[in-house]
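The values are calculated or read from the model by the stated rules, or taken from the named source; none is laboratory data. Just so we're clear, the structure is a prediction, and the values are computed from it rather than from any experiment. Backbone-built Cβ (ideal geometry, glycine too); neighbour counts: all protein chains shown. To get the accessible areas, we keep the full protein, side chains included, count just its heavy atoms, and leave off ligands, DNA and RNA. Shrake-Rupley method; radii C 1.70, N 1.55, O 1.52, S 1.80 Å.
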Amino acid sequence: MATADEPEPILRGQDVVREYRTGGQTVRALDGVDFAIRPAEFVAVVGPSGSGKSTLLNLLGLLDVPTSGRVELGGEDVSTFDQGRRTRTRKRDVGFIFQSYYLIPTLTALENVEVPRLLDRTPVETRERATELLERVGLGDRLDHAPDELSGGQKQRVATARALINDPNLLLADEPTGNLDRDTGDSILDLFDDLRTEQDVAVVTVTHDEYVADAADRVVRLIDGEVRG
Amino acid sequence: MSLRHRLGGSVPVLVAAVRNVSRAKLRSALAAAAILIGVVSIAVVGAGGEAFKSGQLQRVESQGATNVYVFPGPDREREYFTREDLAEIQETVGTTGVVATTTRDGQWHRRSDRSEQVSLNYVESAAALRAITPVARGELPSTWRRQAVVSARFASDHGLATGDRLRISTGDESVQTYRVVAVLSEPTGGVGSAEVYLPARALDDRQYDRARVLTGSADEAELTAALLREEFNERRDRLLVFELTSLLRLFTQVVNGINTFLVGIGAISLVVAGVAIANTMLMAVIRRREEIGVLRAVGYSRGAVVRILLAEAGLIGAAGATAGVVLALPAVMVANAAFLGDPLAFTPGAVGYLAAAFAFGVGISLLAGAYPAWRAANERPVDALRG
């Protein structure tokens, strides 16, 4: 798949298998998947529910390790990382946009964006960066609004700004346009494009939305834990 | 950029904890109130008990902890001391002073048609009287015969002054007249105090119902008492020997025991408060399960999650304990005023109880927060976020 002029992948998976044990049964969520995510790439993962999309996203985000096979980050097998290193790597390299946003209801938009860097003891820089990101996603006038004062699209954008606060190389988005109207969805996709061209951020999204899949560089179809097509 | 924001940046865990605690104000307040009750009960019982104890100790010590009181024992043939008995006691205690006294009830004939009862104390000599009680006004004669010394209260109650005459009789004896030559200084409460002090030579029988051995210190008094018991009471109880030091020790033991018991009950209420905190924290981590999952996903270490949750439990505990100490202080000051005469007379023991109550309140809270924090930190973010 890789050719000589393509940049080195950020993340690479080889024959990745992930099994779960539930109620005495072993469920194979991913069954020997290969993947490579390169800088500035936009990959859409599509497939029916239960096909292993979320499992793949968790593995890409270092929230999980494979049962067998290798997931490599910068050439290193992530299963050799201890918990602390995985956490630090996640913080440095990965930004998550969760499907239901998971904003903290009692914090303002600005404070929610700051959360990942709250423990860094750099309050001034963090605030500047968070303000800048919210302005960038078009919420410069909503800094002090609580999540319940924001629309679905605005919450999505706060969640996106939060995912970007640590300057990740890899942005993982679970149904980023799932609950949004077409215009708002477009603005999110435009933002992804900007991040890719300006900062070489790779975007991987799990989606049911064919519109998003059409916008992606590459579509990975998962069925029953295997890549098809 | 506000100063508060900059300052908060240096203690981010605390900032996060404060935010989280204030999210569930009522639940946090109730948990803190439970700690408050425990801290108040420990602080008030402990520190108040200390004030009571040292107040009582001071009172008892001021009334002659250096004295050994000796009474005729139950195994004696006679219920009084003769001069020979006193000589024997004196021989045992060596050069230490022994003052023998006799208390009687007498009649004071104020006018020819009216008399009232007075308590009399017969003392051997003016020097002996001076040794057992201080004289405020007047001079005691070197040879004490027809003179009387009265207590300050007796003098003020009846408008007596030095130079006045007292007509006194005891039992069937005839009335004798004494001249008031001195007034004792108050307070003269305690063992063997009386209203009117008369010379022992006025007694026909020279029978003494008690003796007091005057030693130099409380420790010496204890030794002397032991010596007397050994000498006189080996086979039979010929003497009843009391000295305040051993009584004080017993008293202190009893009060300490009661205090420890009551503080223990207070401590149990703090343990119950700890259960309340554990419950509050457990509810918090269950309600915030997804949020904690997000924190872990965006790079919070397990240690950071534990620190934030422990800080929350600690904050609730510190708030409750602080309020508890603040509420306990006035109560302890009332106890200080009642038992020690000064609201600010905090004894070291009382300060210790206040500090211990605070520390115990915070400590129990941290302990109660430990399991919920550990549980939250060890949940896999993948599981937490699956919903």
Candidate set: segment B:347-361, residues that are under 14 Å from the mean Cα position of the chain (by Cα), open to solvent by less than 60 Å² (accessible area, probe 1.4 Å) and not polar (S, T, N, Q); chosen: the one nearest to B:Ser41 (Cα to Cα): B:Tyr353
- prompt: Which ones in segment A:44-81 are without any contact (Cβ under 8 Å) to a residue 12 or more places away in the chain, open to solvent by less than 40 Å² (accessible area, probe 1.4 Å) and more than 10 Å from chain B (Cβ to nearest Cβ)?
  reply: A:Asp77
query: Which one of B:Thr92, B:Thr102, B:Thr66, B:Thr82 is among the polar types (S, T, N, Q), in contact (Cβ under 8 Å) with a residue 40 or more places away in the chain, under 30 Å from B:Arg167 (Cβ atoms) and open to solvent by 10 Å² or more (accessible area, probe 1.4 Å)?
result: B:Thr82
- line: Residues in segment B:258-299 that are over 19 Å from B:Trp374 (Cβ atoms) and within 40 Å of the chain's Cα centre (by Cα) total 16
task: Count, please, the residues in segment B:226-250 that happen to be at pLDDT below 85, under 15 Å from B:Thr215 (Cα atoms) and assigned to a helix (DSSP H, G or I).
output: 3
task: Go through segment A:188-206 and give me each residue that's in contact with a Ser or Thr (Cβ under 7 Å, 6 or more places away or on another chain) and not in a strand (DSSP E or B).
output: A:Ile188, A:Leu191
task: Would you kindly identify the helices (runs of 4 or more DSSP H) lying entirely within segment B:269-387 that contain at least 3 residues that are more than 19 Å from B:Ser22 (Cβ to Cβ), modelled with pLDDT of 95 or more and hydrophobic (A, V, I, L, M, F, W, C)?
output: B:302-340, B:348-378
Strands (runs of 3 or more DSSP E) completely within segment B:92-152 that count 2 or more residues being modelled with pLDDT under 80: B:135-138
Qualifying positions in segment A:104-126 - under 20 Å from the mean Cα position of the chain (by Cα), β-branched (Val, Ile, Thr) and more than 10 Å from chain B (Cβ to nearest Cβ): A:Val113
- line: Taking first residues from segment A:82-103 that are more than 8 Å from every other protein chain (Cβ to nearest Cβ) and second residues anywhere that are part of a helix (DSSP H, G or I) and open to solvent by 50 Å² or more (accessible area, probe 1.4 Å), the pairs with Cβ under 7 Å that are 6 or more apart or on different chains are A:Tyr101/A:Lys155; A:Leu103/A:Lys155
- prompt: Just checking, which of B:Gly293, B:Gly324, B:Gly320 is among the small types (Gly, Ala, Ser), under 30 Å from A:Asp93 (Cβ atoms) and open to solvent by less than 30 Å² (accessible area, probe 1.4 Å)?
  reply: B:Gly293
